[in-house]
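Asker: My questions will all concern the structure given below.
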Amino acid sequence: MPNPLSVQTVNEAAERLAGVVKKTPLQFCPRLSEQYGAKIYLKREDLQEVRSYKIRGAYNLVRSLTPAERGSGVVCASAGNHAQGVAMSCARLKVRGTIFMPTVTPLQKISRVRYFGGDWIDIRLIGTTFDEASAAAKAFAKKHKAVFVHPFDDWRVMSGQGTVGKEIADELGAALDVVVVPVGGGGLLAGLGTYLKAVNSHVSLVAAEPQGAAGFAESLKRGRVVTLKALDTFVDGAAVRTVGRNTFAVVRRLVDRSILVPEGAVCSAMIDLYQNEGIVAEPAGALAVAALEKLGRNLRGKTVVCVLSGGNNDILRYPEIMERSLIFKGLKHYFLVQFAQKPGQLKRLLTEALGPTDDIVRFEYVKKNSRETGPALIGIEIARKQDLGRLTQRLRHLGIRYRKLESGDLLASYLV
């Protein structure tokens with residue numbers, strides 16, 4: 001199928017979205033600008049009513065339907081931002097919608113979808129994974145001849161997402177040098193990239209992708225769309241097992257650089273955005289900012305935009321976010337320590353092994369009366385990354401047997 005995505009289709013989408021979707025601010029960020037010696041702006045899509053850019057593509061698709069198609073209703077599968085965008089579109093345009101979500105979807109997300117869709121939507125909880133919910137949604141659409149609203153691999157969705165790029169270009173024009181875009185299925189990247197490259201060919205387009213969900217990077221490497229066998233769903237808004245075939249065909253010609261971002265770096269970026277700019281970003285929303293570290297000196301003197309794609313973050317996730325950030329920065333470590341079962345062993349660890357700024361934040365110990373030694377799981381926070389070497393040196397000097405848990409250990413994955 002020919003590629004109908006163009007500057008014209010994005011401009012047409014912008015007309016459809018007028019009065020419904022916010023033209024979000026392009027916020028200058030002094031902290032990041034000083035850090036990288038550049039002019040860095042944040043495109044605040046977290047300020048949309050549904051707190052993400054997803055409303056753009058969903059509304060453009062539903063608004064583009066014929067009267068007959070609207071009468072048949074629409075169907076989608078999503079556990080997050082796309083569902084909210086479709087729900088709001090249905091309510092605004094008075095179109096019946098059926099939204100399939102996995103049974104494990106948090107109640108907070110289900111409530112948000114119901115809030116935006118009201119009586120115009122029906123929520124169905126099916127399967128335990130997105131893939132199962134998506135299969136059920138497609139079967140339902142086929143049976144009832146309803147329109148399936150794909151989260152990314154549809155030209156109308158891509159054109160709607162492309163309006164993010166149009167707003168950036170309208171504000172910065174030829175001054176724009178680099179745009180860093182989070183990528184999951186590729187809809188935002190395809191639409192935004194198509195528009196920006198057409199109106200300003202010297203713009204460098206950077207794709208930021210979670211390291212544990214690198215479907216786009218892997219597809220680029222092999223020259224075809226691949227399905228990931230393993231998937232880390234922590235950056236849930238960008239954790240896609242298979243990128244879109246249409247989006248990949250577009251994006252592979254547009255992207256100048258692809259960056260894989262460790263999940264711990266995403267967590268650190270989320271915390272920094274909250275503590276410094278007061279921005280509540282979801283993991284996918286912080287991806288572009290987290291990718292700046294790998295661009296480093298290449299940004300100096302340039303005008304850069306990071307697309308902050310969404311702010312639907314569950315407050316219950318923050319303990320894990322803090323944990324992942326500390327581990328990524330090398331400030332929190334877990335040890336299995338083998339204590340001899342005789343008096344004074346723990347005291348020696350506390351008084352002789354730990355430094356003045358080291359802190360035990362987790363301690364689990366099971367005494368086995370039939371053994372002379374017993375293992376303990378100990379979590380230790382340190383003030384500086386380089387303090388780890390001094391800590392392990394003291395442990396060895398005292399003859400304390402230990403094993404530091406690394407990210408690949410099964411027990412480490414249980415703890416974090």
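Bear in mind that the values in this text are calculations on the coordinates, not laboratory data. These numbers come from a predicted model, not from an experiment. Here Cβ is always computed from backbone atoms with ideal geometry, including for glycine, and neighbour counts include all displayed protein chains.
Asker: Could you let me know the centre-to-centre spacing of region 238-282 and region 1-74, using Cα atoms, in angstrom?
Answerer: Going from one Cα centre to the other spans 16 Å.
Asker: Moving on. Tell me the volume per residue, in Å³, of the convex hull enclosing the alpha carbons of region 331-415.
Answerer: 94 Å³
Asker: Something else about it: Work from the charge dipole of region 331-415 (Cβ charges, +1 for Lys and Arg, -1 for Asp and Glu, about the Cα centre) and give the residue of Gly408, Val337, Gln386 farthest towards its positive end.
Answerer: In region 331-415, that residue is Val337.
Asker: What number, rounded to the nearest 500 deg cm²/dmol, is the helix-based mean residue ellipticity at 222 nm of the chain, given -39500 (n - 2.57) per DSSP H run of at least four residues and division by all its residues?
Answerer: Calculated from helices alone, the mean residue ellipticity at 222 nm is -11500 deg cm²/dmol.
Asker: Still on this structure: Relative to the present Cα-Cα distance, how much length would full extension add between Arg222 and Met322 at 0.36 nm per residue of separation?
Answerer: Details: separation 100, 0.36 × 100 = 36.00 nm, distance 3.50 nm.
Between Arg222 and Met322, full extension yields an extra 32.5 nm.
Asker: Is the shape of region 54-151 best called rounded, prolate or oblate, per the rule: a/c under 1.5 gives rounded, else a/b larger than b/c gives prolate, else oblate, with a ≥ b ≥ c the square roots of the Cα gyration tensor eigenvalues?
Answerer: In terms of gyration-tensor shape, oblate.
Asker: Can you pull the three principal axis extents for the Cα set of region 146-304, in Å, largest first?
Answerer: For region 146-304, the Cα spread along each principal axis is 44, 35, 32 Å.
Asker: Follow-up question, since we're still on this one. Considering only Ile279, Thr247, Ser258, whose Cα is most displaced toward the positive end of the charge dipole of region 222-279, charges sitting on Cβ of Lys, Arg (+1) and Asp, Glu (-1)?
Answerer: About the Cα centre, the residue reaching furthest to the positive side is Thr247.
Asker: Let me ask something else. With an 8 Å cut-off on Cα pairs and a minimum separation of 6 or more residues, tell me the relative contact order of the chain in percent.
Answerer: Value for the chain: 15 percent.
Asker: Return the long-range amide H neighbours of Ser204 (sequence gap of 5 or more, or a different chain), with a cut-off of under 5 Å between placed amide H atoms.
Answerer: Amide H neighbours of Ser204: Val178, Val179.
Asker: Starting with the fewest neighbours, write out Ser111, Ser6 ranked by other beta-carbon atoms found within 10 Å of each beta-carbon.
Answerer: Ser111, Ser6
Asker: Report, in debye and to the nearest 20, how large the dipole of the chain comes out about its Cα centre when Lys and Arg carry +1 and Asp and Glu carry -1 on their Cβ.
Answerer: 680 debye
Asker: Neighbour counts of other C-beta atoms within 10 Å: give me Val243, Val235 arranged from fewest to most. Each step should come with its number before you reach the end.
Answerer: Working: Val243 30, Val235 25.
So the residues, fewest neighbours to most, are Val235, Val243.
Asker: Helix 187-199 against the longest principal axis of the chain: what's the angle in degrees, Cα atoms only, rounded to the nearest 10?
Answerer: On a 0 to 90 degree scale, this one is about 60.
Asker: Run the simple label-point estimate for His144 and Gln275 please: 7 Å along Cα→C-beta, distance reported in nm.
Answerer: That separation, rounded to one decimal, is 4.8 nm.
Asker: Using the eigenvalues of the Cα gyration tensor, what equivalent ellipsoid semi-axes result for the chain when each is taken as the square root of five times the eigenvalue, whole Å, largest first?
Answerer: After diagonalising the Cα gyration tensor, the semi-axes are 44, 26, 18 Å.
Asker: Among Lys94, Lys145, Lys197, which comes first, then next, by fewest other beta-carbon atoms within 10 Å?
Answerer: Least crowded to most crowded, the residues run Lys94, Lys145, Lys197.
Asker: Relative to the present Cα-Cα distance, how much length would full extension add between Leu398 and Asp119 at 0.36 nm per residue of separation?
Answerer: Details: separation 279, 0.36 × 279 = 100.44 nm, distance 6.79 nm.
The Leu398-Asp119 span can extend by a further 93.7 nm.
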